[in-house]
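First the structure, in the form of structure tokens, and then the observations on it.
The values are calculated or read from the model by the stated rules, or taken from the named source; none is laboratory data. Computed from a predicted structure; not experimentally measured. Don't worry about glycine lacking a Cβ; one is built from the backbone with ideal geometry, like all the others, and counts go over all protein chains shown.
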Amino acid sequence: MFVELLDKLRCPHLHDDNPLVTTTAVTHARYVIEGTLGCSICLAEFRVHQGALEMAGGFPVPTLVPETFSEENTIRRAAQLGLDERGGLYLVDGVGQYFIKSFLEMSPDSQFIALSVTGRIDDAVMSIRGRPDVLPLAKGSLRGAAFDFEVSAELMRSAVQALAPGGRLVTDAGLKVPDGIELLARDRDQWVGERIATPVLNELRRATPG
Ligand SMILES: [Zn+2]
């Protein structure tokens, strides 16, 4: 986990926004390799082991075929995320992890968090082993998030909150487009949406039961 990403990390638990801080750490070349991230409010601790942040939740291991890595598919994925010369922080999933190298060639100033991976991904600024319902990220910190695996309603809500206005969300076509997201495109497999800039989103959500 890249040390400079720390100020974008937040405790995923339900309380006021609180940064996660490293309590112990072994770092190498500005990456936390071994250590613990802790929350000063709820005292939750998350372990960083062999360079990957360990969180709750299981995930499938993707079945990959050669066509997955076609140039066409790579360009399609980059376009869905809206990668450009401005750079920014993006979240990719278990299949998307394999595209980070190509994405960095197209958008060298971008950074990528790999979710639900089995171990540290060299080209990612953070690798998360597990599939938490809540992403440990500050509100508005992501320019895009693309999911390949099942997304719980909570994880979807958390991803929407982590997106900056105009940020892209890409998921399986079968999933409902959540509040706060405007649909941009949909095909047989996936939809792409964009985060609407609406500062009252949290209040609206709290007012709606369920
Ligand atoms: Zn906490």
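For the reader, a short list of remarks on this structure follows.
- Hey, VAL61 loosely packed, with under 14 Cβ neighbours inside 10 Å, more than 16 Å from the ligand (Cβ to nearest atom), among the β-branched types (Val, Ile, Thr) and on the phi < 0 side of the Ramachandran plot or not: yes
- So ILE75, is it assigned to a strand (DSSP E or B) and of a type in the set (Val, Ile, Thr): no
- Among the residues of region 10-45, the ones that are under 18 Å from the mean Cα position of the chain (by Cα), near the ligand (Cβ under 10 Å from one of its atoms) and hydrophobic (A, V, I, L, M, F, W, C) come to 2 in all.
- Residues in region 20-43 that are assigned to a loop (DSSP other than H, G, I, E, B) and surrounded by fewer than 16 Cβ atoms within 10 Å (Cβ to Cβ): ALA29, ARG30, SER40, ILE41, CYS42, LEU43.
- Only residues that are at pLDDT 95 or above, β-branched (Val, Ile, Thr) and not in a strand (DSSP E or B) were counted across region 169-203, and they come to 2.
- Matching residues in region 85-110 - criterion: being in contact (Cβ under 8 Å) with a residue 40 or more places away in the chain, crowded, with 21+ Cβ neighbours inside 10 Å and not in a loop (DSSP other than H, G, I, E, B): LEU89, TYR90, LEU91, VAL92, GLY96
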